[in-house]
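What follows is one structure encoded as structure tokens, with my remarks underneath.
A short reminder: the numbers here are calculations on the coordinates, not readings from a lab. None of the values given here were measured: they were computed from a predicted structure. Glycine also receives a Cβ, built like all others from the backbone with ideal geometry; neighbour counts cover every protein chain displayed.
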Amino acid sequence: MTLATESLTGAGAWIKAMVDGWAGYSEDEERLTRVFLSPQHKACALAVMSAMRAAGMTARIDAIGNVVGRYEAAEPGARTLITGSHIDTVRDAGAYDGNLGVALPIACIAELDSRGLRLPYAIEVIAFGDEEGVRFPTTLSGSRTIAGTIDLEILSVTDAEGTSLRDALVNFGCDPAAIAAEARRKEDVLAFVEVHIEQGPVLEAAELPVGTVTAINGASRFSLTLEGMAGHAGTVPMHLRRDALAGAAEMIAAIEQRAAAEEGLVATVGRLAVAPGAINVIPGKVTFSLDIRAPENAQRNAAVAALKEKLAAVAQRRGLALEIELLYEEGAVACDPGLMDQLDRAIERQGLRALRLPSGAGHDAMALSALCPIAMLFVRCGGGISHNPLESITAEDAEAAARVFLDFLENVDPDL
Ligand code: HGY
Ligand code: MN
Ligand code: MN
């Protein structure tokens with residue numbers, strides 16, 4: 001499918017087709033799962049790279065596995081506006097989370113290139129490889145590398161098979177020793193502006209295709225391990241048990257209760273493992289995850305502290321050993337007011353009502369906020385559904401968002 005050159009007519013269908021094509025790169029025939037540095041990530045990265053080149057960009061895979069497309073400015077030495085999003089997915093994912101924010105800017109640059117138009121600044125489109133943090137107990141390594149904030153200690157973390165991040169990078173064809181050099185200099189970067197599906201119901205309720213993001217909620221992720229005593233399901237009286245799963249169940253109910261009691265606070269237990277996992281054995285060990293978020297860091301930190309106290313009391317009463325390991329923490333970040341205004345103006349120039357909304361989901365933009373001013377353009381998704389194969393967008397909304405984003409790109413103040 002070739003992109004119509006004038007004013008992005010047909011771009012929505014082109015963008016959707018590109019993202020739907022990338023959805024074929026999955027470790028599983030039946031559902032979309034593409035984890036960091038997997039063979040499917042490599043295949044998708046190569047497809048992204050060729051799409052970037054076809055749109056008139058130079059493109060390469062960097063030392064941390066990001067795909068970096070670059071569209072030079074009208075004048076050499078100009079600063080760079082970075083856009084992009086992630087191409088890794090959760091398990092049994094929807095196709096548009098992250099990926100839309102790579103395909104849509106590629107369509108916009110293809111349009112600029114078809115007109116032979118260069119802007120007063122360069123544009124980089126980056127397809128980050130590790131935003132979901134599914135394979136390794138870390139995340140945002142791609143965007144943190146660009147921001148220069150990556151902690152190279154993470155090269156030693158291992159996945160469920162025991163493969164270290166370092167070895168996975170080498171197998172992917174990357175050179176871990178070159179990661180530090182990928183960091184961008186603050187003085188070279190104008191801004192980072194990410195296009196992403198909303199993953200929530202606000203735009204659909206407002207009957208709008210796009211919206212301007214005000215801030216991104218902070219998040220803390222933990223792994224909790226409970227050790228009790230495995231035993232015979234038939235012989236151990238209830239009052240003598242140290243049942244790790246019953247303890248976890250009480251803790252998970254307490255977590256849900258605490259979050260439900262406070263506006264804006266959300267807490268999720270998404271993963272749980274029980275050992276030894278036999279029907280007639282009292283569970284001796286349970287490991288479960290905790291993802292907790294709020295718009296304000298103080299609110300999230302207070303909830304974490306309160307829950308740690310509560311869970312310790314439950315463990316103590318039940319004679320369970322409790323270990324809580326912090327896996328990841330990223331503070332809430334505010335979007336740049338000037339960039340938000342410029343996104344609003346572009347939305348209005350495209351004949352749409354400008355609406356502002358917060359992001360409950362985390363994004364690579366959080367990491368890039370350490371490097372430069374950030375902003376996000378949200379795109380309506382069907383039913384606000386995400387992290388679910390039912391995730392959807394319409395070609396019309398993708399086209400409206402592309403028009404807004406291209407309008408924004410052509411009118412950004414280069415002296416920002
Ligand atoms: O968890 C998040 O908010 C993002 O999808 N990684
Ligand atoms: Mn996601
Ligand atoms: Mn995402």
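Points to keep in mind about this one:
- Degrees separating the helix 244-260 axis from the principal Cα axis of the chain, which is the longest one: 50
- Residue order, fewest to most surrounding Cβ atoms within 10 angstrom, among Met376, Met18: Met18, Met376
- Annotation: aspartates and glutamates with alpha-carbon distance below 13 angstrom to Lys42 (same-chain offsets under eight excluded): Glu27, Asp62, Asp88, Asp130.
- Sorted peptide list for 56-65, 98-107, criterion being average Cβ within 10 angstrom, highest first: 98-107, 56-65
- Cα-based helix-to-principal-axis angle, 100-114 vs the chain, degrees rounded to 10: 10
- Taking a straight Cα-Cα cut-off under 14 Å and skipping sequence neighbours fewer than 8 places away in the same chain, the aspartates and glutamates within cross-link reach of Lys16 are Asp97, Glu391, Glu396, Asp397, Glu399.
- Shape class for the chain: prolate, because the ratio a/c of the largest to smallest gyration tensor axis (alpha-carbon atoms, square roots of eigenvalues) is 1.5 or more and a/b beats b/c.
- Relative exposure of His239, His363, judged by other C-beta atoms within 10 Å (fewest first): His239, His363
- Dipole magnitude for region 218-330: about 400 debye, using +1 per Lys or Arg Cβ and -1 per Asp or Glu Cβ, origin at the Cα centre.
- Least to most buried among Leu46, Leu37, Leu409 (fewest other Cβ within 10 Å first): Leu46, Leu409, Leu37
- Region 140-198: trypsin sites (Lys or Arg not before Pro) in DSSP loop, at most 10 other beta carbons within 10 Å: Arg185
- In the chain, helical runs assigned H by DSSP with n ≥ 4 each contribute -39500 (n - 2.57); averaged across all residues and rounded to the nearest 500, the mean residue ellipticity at 222 nm is -10500 deg cm²/dmol.
- Region 218-330: C-alpha gyration tensor shape, a/c 1.5 cut-off, then a/b vs b/c: prolate
- Rounded, prolate or oblate (a/c below 1.5 giving rounded, otherwise prolate when a/b exceeds b/c) for region 318-416 by Cα gyration tensor: oblate
- Charged side chains reduced to their Cβ positions (Lys and Arg at +1, Asp and Glu at -1) give the chain a dipole of some 840 debye around its Cα centre.
- The chain - share of DSSP beta bridges that are antiparallel (%, nearest 5): 70
- Span from the region 51-121 Cα centroid across to the region 334-360 one, whole angstrom: 21
- Nearest-ten-degree value, helix 337-349 long axis tilted from longest Cα axis of the chain: 60
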